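Please treat every number below as a calculation from the coordinates, not as lab data. Everything numeric here is computed off the predicted structure, so don't read it as measured data. Cβ coordinates were reconstructed from backbone atoms using ideal geometry, including for glycine residues, and neighbour counts include every protein chain displayed.
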Amino acid sequence: MMQGFFGRTRLQASLMAWLSLIVVAGLLFLQDGRLDRLALTGVEATHLNTALRWTSPSTIAQPPMTLAAADDGVATRDRGWTRVDLPAAQPVRKPFLRQYADYLTPDGSRIRPVQVVWYRVDMDAVPGGADGLHQIYLPRVSTAGSVAIYLDDRLVWQTRTHQLYTQIYAPVLIRLDTQPGAMKGSHRLYVRFAALDLGGHALSSVWVSHNEVLGRAFGLRTILQGDLLSFTWTAIRAFGVLALAIWSRRRRAADGPLYLNFAAAAWLLPALTVADNFADQPWPGEELSLWVLMGGSGLLLIAVIQFFGVATGCRLPVLERVARWLGILIVVGSGALLVYYHGRQSPSITAYSLIAFPAVAGVYFTLYTLLAVVSFRTWPSVTFVPVVFLCDVAVAHDLRQILHIGKGEDLFFLPFAVAASVLAYFLILVRAYVGSVVTAERASEQLQRALTAKEAELALSHRQLMQAQREQTLSEERQRMMREMHDGIGASLVSAMRFLQHGQKDQRAVVQVLEECIDDLKLSIDSLEPVAQDLLLLLSSLRFRLGARLQGSGLALHWDVADVPALPWLDAPSGMHILRILQEILTNILKHSGADLLRLSTAVADWDGRTGVVVGIEDNGRPFNPQNGPQLPPTRKGLGNVLSRTRLLHGHCRWQDLPQGNLFTLWLPLGPTL
Amino acid sequence: MVEDDTACRHALTQAILSSGDMHLVWQAATLADARARIAQPIDVLLVDLGLPDGSGLDLIREIRETQPTCQVMVSTMFGDDANLMAAITAGALGYLLKDVSAGEVIGEIRNLHAGGSPINPMMARKLLQGQTFAPTPPAPQATEDEPEPDGRKVLRLSLRETEVLQLVARGYVLEEVATRMGITRHTARSFVRRIYQKLQVNTRVEAVRLAIAHGLVPKD
């Protein structure tokens, strides 16, 4: 579901557009004090819309402790008051900034005095209630200086500091804690603004009541202008930590910079508001807060443009690089400016730059975004358009408020614009995260499917391979058996049959042929036994089969085998070859040599530098050496078989004449045959 | 004697009759035939394993129960089949190759009756593969079958018995084995018989299981 919602950037773009529209419409609807009027509908409260204004000759910023103690005698003054409608404002006048700069000379002496302006609100008896006036609520008092509020003669509220360049925009709620009935009748409310004369100020309308109902409007304003923003920042900071954690695991990923960027912005933006709390602290408190405000806009510019690029895929590399340098310039430049002018007591530059630096960053980002959207025309980039639009509207609106142009009971727009921007950030971040999770899931699903397919394929080819292997083994075995039948048993049986067919009555010869035939059969069967690379076991089966026949022929056999290493290549077919070779040699000796002593031995021996095993068969019969070509009878097919089988085993064989008899040697390699 | 091949049966009968001191009590060509006569007391039973109506193994087991003193000899074509080992596990004490001469038949039967048993290299090899050595000194009495910790019985051979098997597996015949070990041929044969007896167990299930454990019959 998440994926369905955030996955479609077109939806996201229209969502942001609607959200921006709703925010702007809502804020416009609530401006001009309508918020308070709505909040206080149907309660017993009096709304006061007129006041008297008097510009005092006093030049003292510090407000007097009582009205009677004022140096300008405001308490007793009746003339000079001008009637004004509330909310009233005196806008900043153009020369203000210059004047602000000239407020203090380098030696600290004042050039321009402070201007004090008084407002007087005459209140009739509060309707309803027996105890008279209890609560006073002013949605906004605003100036760059100090404000003090008096009821009749008494100081009931004042700003925290009296430094003249500290901006205040606070809503004010005054609760009168007096004896029951003491506040009956009519009263006079005085508001004292002490600021530079061109700096301007704004005073909202006044609400009074005999009970506690005004807290409702005050609370609402505090929530919308302060607490709501705090909540947003808290949430954003928490998400910032989350984003940082994700980034630490996805540093190399394509969406990695998004998370880092979000984390940085989440901690940088609230820092701007937090820094403001230190503005009235001694050096470097104020400079630091100003630097955070100005330099922060530079960092923000870099972050936002990078985020925009990564999130939307719309990147203008040259302008991005320019943005980076511009951001660094703002951070370093604003810091340097503050340090440079600190000793010179000439904050006019900072006053200009306080607006100028963020303005440059904002304008650049606006232009960059619009350019990117026009160049790429993709939905993700369009998402940013309403946000940028909202921010620009908010800046323009709030600047009017700050400069006291128009009437000052509006809510500030900028906090809402920031919250909307962060929401846009957040939506894109969630989309990136969900997108990567979904991609991973799809990839793993695909992988699983591919794996299953591959497994099936593998199983099939394995079956085919097994089948082929089985067929090949069968065919090899068939060929081997055919050869054995043909060369061995078959040949023997045929010669036995010929003996009988030709009517030869030599029964002994037939029996001998059949005995040989059975021997062949036994050796064939033995060759099927697993010999497990054991040459001696092979030789022992040969003896078991042929021993009785040798003995019967009066041939004494000396069995003289020594342990030899295992032959890794010795399997059933090669075992058969060895058995046939030795059988041929033994039969030969038996039939032709006339020997009466036979010795079979084994040993480890080298042949041409290669290690191997030799089987030696020594007899004491007539000299016989088939290697001497001419002596080789043409009918002796068996010896040819010995040579060819030896070659198949990659071995060597040799006949040697001994002083008394012959020695046949069969050498077999120890290592695997090629 | 139980033998389904007429020529073979005839040759064996002739050999036994010609011995002079042996008496052929009965002969049969089928398992059913043999079962009908199994009650008659005999000294030696010569049995072919592959009978037309069943396996000679069953007959061996039955006669081991009814006549424990009867010595069973298996008649085999080549002396190498796995059934031969199964037969020894079931209670046979020797085997006879079908192609040997009449004189050798008599000799083998006498040997068996005198307490000796034949063995060939392949059998020696199989026995060596399936055994473990007794941890105690090689006293023949101390080498009974004992269950292993996992419940599996293994063939425990003494060092002398093992030596006999090793020499046989390397191709030496029993005379040479005896010479090399400094014992008589008869003693060497009795070693083999003792090995056979160790292989033998009482129940059929155990016999089969033990034979499988020793790799004498295929698992399926």
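Brief remarks follow.
- Residues B:Ala102 and B:Thr30, FRET efficiency given R0 of 22 Å [Cβ-Cβ distance, rounded to 0.05]: 0.35
- Stokes-Einstein D in µm²/s, Kirkwood radius over Cα pairs - the range A:352-428 at 25 °C with 0.890 mPa s viscosity: 181
- Order by protection proxy (mean Cβ within 10 Å, highest first), peptides A:39-47, A:72-80: A:39-47, A:72-80
- Residue mean of other protein chain beta carbons inside 10 Å, A:536-546: 5
- Estimated FRET transfer efficiency (A:His558, A:Gln448; beta-carbon r; R0 56 Å; 0.05): 0.20
- Across all C-alpha atoms in the range B:81-121, the radius of gyration and Dmax reach 10.6, 28 Å.
- At q = 0.10 Å⁻¹, base-10 log of I(q)/I(0) for chain A (Debye sum, equal scatterers on each alpha carbon): -0.99
- The range B:1-104: C-alpha gyration tensor shape, a/c 1.5 cut-off, then a/b vs b/c: rounded
- FRET efficiency, A:Val374 to A:Val318 (Cβ-Cβ, R0 22 Å, nearest 0.05): 0.90
- Given their separation in residues at 0.36 nm each and the Cα-Cα distance between them, A:Leu399 and A:Val437 gain 9.4 nm when the chain is fully extended.
- Local electrostatic count, A:Asp519, Cβ distance below 10 Å [Lys/Arg +1, Asp/Glu -1]: -1
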